[in-house]
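Student: Questions regarding the structure given below will be posed in turn.
Throughout, read-outs are computed from the coordinates displayed, never taken from laboratory work. This structure is a prediction, so every number in the text was calculated from the model and none was measured. Ideal geometry is used to build each Cβ from the backbone, glycine not excepted, and the neighbour counts take in all protein chains shown.
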Amino acid sequence: MQIGIVGKPSSGKSTIFSAMTLVDVAIANYPFTTIEPNKGIGFVRIPCIDTDFNTQCNPRSGYCHNHIRFVPVELIDVAGLVPGASEGKGRGNAFLSDLSRADVLIHVIDASGSTNEKGDPVSPGSHDPVQDVAFLENEIGLWFFGILQKNWAKISKQPYESRQKMLEGFSRALSGLSLSEAQIERALTKTGLGEKKLNLWSDDDQKTFSFTLRENAKPIVIAANKIDISTAEKNVKRLQEQFPKIPVIPCSGFAELALKKAAKQGIIEYTPGEKSFAVKGELNEKQKQLLDLIKTSVLEKYGSTGVQNVLEKTVLEILGYIAVFPAGVHKLEDSNGKILPDCFLMPPHTTALAFAYKLHTTMGEGFIKAIDVKTKQMVGKEHELKHRDAIEIVFKG
């Protein structure tokens, strides 16, 4: 799973990325601060199953705090997109290509309205962020459309003897977009174009299919950023009203990054996603003013900085991923004595067999059975796993 961070220049995109990952990237209020894509690791909170076994886990990756497991996810932050990106403007084609492997997109918007469509600074509240959502959806849809058109002769002239063969043809021709046959099938069904001969598709048909395919293959979550600026509040409400089918989550990358850095320096105690922090020592006047600002304008007003909410909405709700823990009925620790060391984020409808293959090819190929560690019941290879399951794989190797 890879999550793409997108948005126009100066929307706070790189600040959000840094707040999620604590990776130092170039942050400035001018277009194209980010040139090469930045990659990093963010974390999704999962209530740890160690409480089910009255123990304390020892994660191999990520960490656990107060029995909340922080599970790593991969993020990629690309350069700001401007109108005309699908036509190559503002280095558009190169940066859209960087998103080809992303499973979902977090669209960072300057909800305060203090940057125009090109990313130039303007007076807070003078730009309408609703326009930014429409522009990005259009640009990414046109990107899909352009790729489809380039490959249309290859797709439409093949003599497909079945629907399955047609799906395979689409998948091969559009392999650069990392599409599944199921996503292509859903787009064909939703548009009704699956019943129309390919050589009869018009340009409008191809465009409709491309935009529908984008919605299925790369759904969007809106991170309504800069809620620490007063003009953002009314714009967040407007965004939620204008785009009821797209999650719009108010957030402040600035506040989250400041809190994480202060916690790292030992100035405060702060757990990502929480609604408060605790001061651990003496603060200078500048630190006190900054933390007071974050407390009053963000935490008390919105309940959190929202950054953690964006990640969890994206992974657990939009993608529908579940957390599965490999374990043993009689032994929760690994050979090094680590208790419940691993937690894997798996796509919805993951079966016991698919989980076995995730752990190791040998376990999948030699699969005999799986055991639900919590209930101690045996389950078969086609059994669909649930969120926070603990599973033991029995295999011959």
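Student: What percent do you get for the relative contact order of segment 223-339 when only Cα pairs under 8 Å and 6+ apart count?
Tutor: It rounds to 24 percent for segment 223-339.
Student: So what's the back-of-envelope 222 nm ellipticity for the chain, counting only DSSP H runs of four-plus at -39500 (n - 2.57) apiece and dividing by all residues, rounded to 500?
Tutor: The per-residue figure over the chain is -9500 deg cm²/dmol.
Student: Using a Förster distance of 41 angstrom, determine the FRET efficiency expected from the C-beta separation of Ser276 and His387, and round it to 0.05.
Tutor: Using R0 = 41 Å, I get an efficiency of 0.90.
Student: Now a separate question. Grab the Cα-Cα distance for Asn58 and Asp205, subtract it from 0.36 nm times how many residues apart they are, and report the gain in nm with one decimal.
Tutor: Residue separation times 0.36 nm, minus the Cα-Cα distance, leaves 47.6 nm.
Student: Can you tell me the dipole magnitude for the chain around its Cα centre, using point charges on the Cβ only (Lys, Arg +1; Asp, Glu -1), in Debye to the nearest 20?
Tutor: With Lys and Arg at +1 and Asp and Glu at -1, about 420 debye.
Student: Please report the antiparallel percentage of DSSP beta bridges with both residues in segment 321-395, rounded to the nearest 5.
Tutor: Rounded to the nearest five, the antiparallel share is 80 percent.
Student: Then there is this: What nm value, rounded to one decimal, do you get for the distance between Leu293 and Arg101 when each label is placed 7 Å out toward the C-beta?
Tutor: With each label point 7 Å from Cα toward Cβ, the separation is 3.8 nm.
Student: When DSSP beta bridges are limited to those with both residues in the chain, what percentage is antiparallel, rounded to the nearest 5?
Tutor: If we restrict to bridges inside the chain, about 60 percent are antiparallel.
Student: To the nearest 0.05, what FRET efficiency results for Lys358 and Thr51 with a Förster distance of 22 Å applied to their C-beta separation?
Tutor: The computed FRET efficiency comes out at 0.35.
Student: Under 8 Å for C-alpha pairs, at least 6 residues apart: give me the relative contact order for segment 321-395, rounded to a whole percent.
Tutor: 39 percent
Student: Could you list Leu22, Leu179 so that the one with the fewest beta carbons within 10 Å of its beta carbon is first and the one with the most is last?
Tutor: The order, fewest Cβ neighbours first, is Leu22, Leu179.
Student: Which of Leu259, Leu283 has the fewest other C-beta atoms within 10 Å, and how do the rest follow up to the most?
Tutor: Least crowded to most crowded, the residues run Leu283, Leu259.
Student: Given H placed 1.01 Å from N in the peptide plane, which residues other than close sequence neighbours of Ile322 have an amide H under 5 Å from its amide H?
Tutor: Amide H neighbours of Ile322, under 5 Å, 5+ apart: Met346.
Student: Report the label-to-label distance for Lys376 and Glu269 in nanometres (one decimal), using points 7 Å from each Cα along the Cα→Cβ vector.
Tutor: Going from the Lys376 label point to the Glu269 one covers 3.8 nm.
Student: Fewest to most neighbouring Cβ within 10 Å: what's the order for Asp120, Asp103?
Tutor: Result, fewest neighbours first: Asp120, Asp103.
Student: Something else about it: Measuring from label point to label point, each 7 Å out along Cα→Cβ, what is the Gln2 to His67 span in nm?
Tutor: Here the answer is 3.7 nm between the modelled labels.
Student: Shifting gears a bit: To the nearest Å, what is the center-to-center distance of segment 169-236 and segment 123-167, using C-alpha atoms only?
Tutor: 6 Å
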